[in-house]
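Written below as structure tokens is the structure these notes are about.
The values are calculated or read from the model by the stated rules, or taken from the named source; none is laboratory data. These numbers were taken from a predicted model, which means no experiment stands behind them. Because the Cβ atoms are built from the backbone with ideal geometry, glycine has one as well, and the counts that use them run over all protein chains shown.
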Amino acid sequence: MIIVMVLLSTEVIHGRRFRELSNKNCIRLVSQLGTRGMILDREGNVIADSYISYDVMLLPQPDDNVDEVLSGVAKVLGVRQQELRERFRKEFIAPSLPVTIAGNIPVKKAVALEEKKMDLPGVIIQPHPLRRYPYGKLACHLLGYLGEIDRWRLTKLEDYGYKTRDIVGFGGVEERYDYYLRQEEGGFSTQVDHRGRFVRTLGYRPPQNGKDIQLTLDLRVQKLAEEALGRQVGSVVVMEPASGEIIAMANNPDFNPAAFVDRKSDAELKWLFNDPKSPLINRATSSTYPPGSVFKVVVASAALETGRININTTTDCTGSFYVGRQRFACWNTHGTQNVVGAIMHSCNVFFYRTGLLVGPQAIYEYALRFGLSKPTGVDLPYEASGFVPSPLWKRVYRFSAWFNGDTANFAIGQGDLLVSPLQIARVMAVFANNGFLVTPYVLKGVGGKDISLYQRKFSKVSVKEGTINIVRQGMRKVASEGGTASNLSGLGVEVAGKTGTSQVGRGLPHGWFAGFFPYKNPRFVICVFLEHGGAGYYASTTAKRIIEGMIKEGII
């Protein structure tokens, strides 16, 4: 009687539920990836795309069948059967899940296996898109690279459809715009028996490819910037001052993003992560340094705006300046200097005195007006904020008063002041576009649609036009005969800018050059930073090579 009641309950009362569970239990899904979206430059040149590789997968079978199938696959691939057997054992997860026994096989062998599928039950030729970077290392920091999702990202993105072992972007636009580039998974459903063995294919849903994105980057300028930078550690930024479009962003040392795709050498990846020169860091956006004399354009603006000086105010440079008993040196003896001449010759004595007249609080406030001490808002991950010190900060965090010597250092871009190359390029854009603080960006289009108008963001800097014009005059003279970047005077285009040499604890000083061109109708802002590269003159030499190349290419 008990047996009859149990059968009645199983077949009649709970029969429908058990049938549903049985159906679910006999169906397995085999995923198939679409192709990640392409990355194009502003002219439509492909910087990153994908190619189709082929993996050989095997649905688990009884041991006798497995050996027979592996033997047939080994003959076609030209490998030992034992190798495939070992791979099968290593990758096996469950009886109902296919096992990858060979990866990235040539297309001819994939076709040969496909033709023999009737004799090789359970064998699946799985297309597998892999990322390709046609230009190798070019623009690698701006692009980023791909890798298997880590736990930190998974916890944040799991609700958006990301799962374990997904391939996602790390750094650059690969990470920032992963949601555009990311493909949607498809695949086919298979029926298995009660022991989890493959029976037949039930259905197929095609995967969806990711969207293509177009960048503001100009590959011609990017190549020129990277070639000019050469093996010198540092960074170059070229930007449109009116819009904020990034035309080029070069960094050295660099890396090959394809190394993360091929993974043929774990030693190479280990070297990239452990190299003390940090080749994976985008120095243009994620590293900060003392700006040295390029900061003098901010100090000059603060002094003119507050009325502490005007264009007729002069200082006599005798080669040094005393703050109390402390001697502060100038790099040369410049004689009588007004603000235009002081910018032209980068006269420290003029700016020591001017900084003391303006005061540290006003310098701090004007530095903030020019966008320092906060991210620029560029659409790239891991941007550094930089830092602008103030008397209050020193009192609270250093437990010390602010001294006049601190102001003298502050006025020439030394001390605790820290900026990124992109922040300095943004400061220079204010003088190029007559007073607007732009937000740099790299995304120009998505899926064939131009969205650059929606990307443009800017705000008016509270600095008079007259102030900007006076500082511009000094910057123009920097790149003329007698200026600190006189090597730029012979070009076929008029350049305005400012050199900087920032002292550091050990090694050579950092070298800076930042400016814009053509002077009368600025179309480009450039910032060159050379880490331990010596005087700013060397940075201006790098800028010269880039500008000469742009002229030769007909870009300007």
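Based on what the data block shows, is S540 of a type in the set (G, A, S), modelled with pLDDT of 95 or more, touching a Phe, Trp or Tyr at 6+ places or on another chain (Cβ under 9 Å) and not in a helix (DSSP H, G or I)?
no
In segment 75-91, which residues are surrounded by 14 or more Cβ atoms within 10 Å (Cβ to Cβ) and either touching a strand residue (DSSP E or B) at 6+ places or on another chain (Cβ under 6 Å) or in a helix (DSSP H, G or I) (or both)?
V76, L77, Q81, E83, L84, R85, R87, F88, E91
Among residues belonging to segment 162-183 that are β-branched (V, I, T) and more than 13 Å from the chain's Cα centre (by Cα), point out the one that is farthest from I281 (Cα to Cα).
So, considering only residues that are β-branched (V, I, T) and more than 13 Å from the chain's Cα centre (by Cα), the one farthest from I281 (Cα to Cα) is T164.
Please go through (1) under 36 Å from the mean Cα position of the chain (by Cα); (2) surrounded by fewer than 24 Cβ atoms within 10 Å (Cβ to Cβ) for L372 and return the number of the only condition it doesn't satisfy.
Going through the list (1) under 36 Å from the mean Cα position of the chain (by Cα); (2) surrounded by fewer than 24 Cβ atoms within 10 Å (Cβ to Cβ), L372 breaks only (2).
Is it the case that segment 470-477 has a residue that's β-branched (V, I, T) and in a loop (DSSP other than H, G, I, E, B)?
No, the conditions are met nowhere in segment 470-477.
Taking K449, is it in contact with a helix residue (DSSP H, G or I) (Cβ under 8 Å, 6 or more places away or on another chain), in the same structural domain as V339 (by TED's automatic domain parsing) and of a type in the set (K, R)?
Considered against the rule, which asks whether it is in contact with a helix residue (DSSP H, G or I) (Cβ under 8 Å, 6 or more places away or on another chain), in the same structural domain as V339 (by TED's automatic domain parsing) and of a type in the set (K, R), K449 comes out as no.
Take the residues in segment 274-292 that are among the aliphatic types (A, V, I, L, M) and either under 23 Å from Y537 (Cα atoms) or in contact with a Ser or Thr (Cβ under 8 Å, 6 or more places away or on another chain) (or both), then tell me which one is surrounded by the fewest Cβ atoms within 10 Å (Cβ to Cβ).
Checking each candidate, the answer is I281.
Just to be sure, is F295 touching a residue at least 24 places away in the same chain (Cβ under 8 Å), surrounded by 20 or more Cβ atoms within 10 Å (Cβ to Cβ) and either among the acidic types (D, E) or more than 25 Å from R426 (Cβ to Cβ) (or both)?
no
Of the residues G482, G466, G505, which single one is surrounded by fewer than 20 Cβ atoms within 10 Å (Cβ to Cβ) and outside any loop (DSSP other than H, G, I, E, B)?
Selected residue: G466, the only one of G482, G466, G505 that is surrounded by fewer than 20 Cβ atoms within 10 Å (Cβ to Cβ) and outside any loop (DSSP other than H, G, I, E, B).
When residues of segment 371-402 are filtered for being free of Cβ contacts under 8 Å to residues at least 60 places away in the same chain and among the hydrophobic types (A, V, I, L, M, F, W, C), how many remain?
Total meeting the criteria: 7.
When the residues of segment 508-531 are narrowed to those that are assigned to a loop (DSSP other than H, G, I, E, B) and within 28 Å of the chain's Cα centre (by Cα), which ends up nearest to V419 (Cα to Cα)?
Going through the qualifying residues, I end up with E531.
Of (1) in contact with an Asp or Glu (Cβ under 7 Å, 6 or more places away or on another chain); (2) assigned to a strand (DSSP E or B); (3) over 18 Å from I247 (Cβ atoms), K444 satisfies all except one. Which?
Here K444 meets the rest and fails (3).
Scan segment 392-407 and tell me whether some residue there is surrounded by 20 or more Cβ atoms within 10 Å (Cβ to Cβ) and either in contact with a Leu (Cβ under 9 Å, 6 or more places away or on another chain) or at pLDDT 95 or above (or both).
Within segment 392-407, one or more residues are surrounded by 20 or more Cβ atoms within 10 Å (Cβ to Cβ) and either in contact with a Leu (Cβ under 9 Å, 6 or more places away or on another chain) or at pLDDT 95 or above (or both).
Give me the residue from segment 244-284 that is assigned to a helix (DSSP H, G or I) and among the basic types (K, R) and, out of that set, modelled with the highest pLDDT.
Within segment 244-284, the match that is modelled with the highest pLDDT is R283.
Residue by residue through segment 409-428, note down the ones that are in a loop (DSSP other than H, G, I, E, B) and of a type in the set (A, V, I, L, M, F, W, C).
I412, L417
Being within 17 Å of G554 (Cα to Cα) and in a loop (DSSP other than H, G, I, E, B) is the filter here; which residues of segment 216-243 pass it?
Across segment 216-243, the qualifying residues are L217, D218, E240.
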